[in-house]
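To start, the structure under review is shown below, and the notes come after it.
The values are calculated or read from the model by the stated rules, or taken from the named source; none is laboratory data. What you see is a predicted model; the values in this text were computed from it and never measured. When we count neighbours, we look across all protein chains shown, and the Cβ atoms used for this are built from the backbone with ideal geometry, even at glycine. Please note that ligands, DNA and RNA were not included when accessible areas were found on the heavy atoms of the full protein model with its side chains. Shrake-Rupley method; radii C 1.70, N 1.55, O 1.52, S 1.80 Å.
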Amino acid sequence: MPIRDRTERAPYKQMELTPDAMDNFMHTPERMLEQAERLRQQAEIYDQQRMEIETRSRELEESTMRKTGFNADLNELGQRIHNAVRRISREMDSMEREHQEMAQVCDCFQRHLKILSGLQPQHWAPETVKERLREALPKLDRADNDFHEAYACGREYRHTTVFFQKPGEEEAKEQFGAKAIKEEMLRGLAFHLPLFILLLITWAIYSMVTTA
């Protein structure tokens, strides 16, 4: 009988796990507890991620709404200011135009005043009156025309009322009003005077009859 080499080993027999054995291994209480713990942890992670996503979504929505509202207020305010600037600019242009026209009118009146002041008819010699009048009357007419034309055009101004009433018209109206009141009183007195005299005579006759 041959002697077996002591260094020779027996062949390795691999243990095979049957499906039943594997199923039993997966469903051990320890294994189930580990799986349940992992599922719980994953569920917590998913819930936390979901809450973070919902929070970011709400914050993004709120930021979008705030940005939209701010943009609307910004556009509205900008439009109001833009319209105000345009109106103020037009008003300033109108005021500047009227100011320039009034300055031109004032310069024109000053030139006419200088010309009229230089006429001095009180110093005219009798033999030169006719010639002086022939020269002076066109100047007077031109000044009068410019005066009335300036006040007629100035009534259209919106930023001043200086052209609404010509100098001297107010005094003339006051004088006319006082004169009209005086004339009205005189007409009333003339109308009621005969009646007053008749009443006076009637009262005198009545007094004489009652005392007789």
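Being touching a residue at least 60 places away in the same chain (Cβ under 8 Å) and open to solvent by 90 Å² or more (accessible area, probe 1.4 Å): is that true of Met65 here? Spelling it out, it is not the case that Met65 is touching a residue at least 60 places away in the same chain (Cβ under 8 Å) and open to solvent by 90 Å² or more (accessible area, probe 1.4 Å). Give the range 154-165 a look and list any residue that's open to solvent by 70 Å² or more (accessible area, probe 1.4 Å) and within 20 Å of Met92 (Cα to Cα), or say none. Once the filter is applied, which keeps residues that are open to solvent by 70 Å² or more (accessible area, probe 1.4 Å) and within 20 Å of Met92 (Cα to Cα), the range 154-165 yields Arg155, Glu156, Arg158, Thr161, Val162.
What tally of residues in the range 35-51 results from selecting those that are open to solvent by 80 Å² or more (accessible area, probe 1.4 Å) and not hydroxyl-bearing (Ser, Thr, Tyr)? Steps first, answer last, please.
Step one: of the range 35-51, the residues open to solvent by 80 Å² or more (accessible area, probe 1.4 Å) are 38-42, 44-46, 48-51.
Narrowing further to those that are not hydroxyl-bearing (Ser, Thr, Tyr): 38-42, 44-45, 48-51.
Of the residues in the range 35-51, 11 are open to solvent by 80 Å² or more (accessible area, probe 1.4 Å) and not hydroxyl-bearing (Ser, Thr, Tyr).
Please determine whether any residue of the range 4-20 is among the hydrophobic types (A, V, I, L, M, F, W, C), open to solvent by 90 Å² or more (accessible area, probe 1.4 Å) and either touching a strand residue (DSSP E or B) at 6+ places or on another chain (Cβ under 7 Å) or modelled with pLDDT under 85 (or both). Yes, that holds for at least one residue. The set of residues in the range 117-131 that are touching a residue at least 12 places away in the same chain (Cβ under 8 Å) and either surrounded by 14 or more Cβ atoms within 10 Å (Cβ to Cβ) or farther than 19 Å from Ala143 by Cα (or both) contains only Leu119.
Checking the stated criteria, Leu140 turns out not to satisfy the condition of being farther than 18 Å from Lys166 by Cα and surrounded by 10 or more Cβ atoms within 10 Å (Cβ to Cβ).
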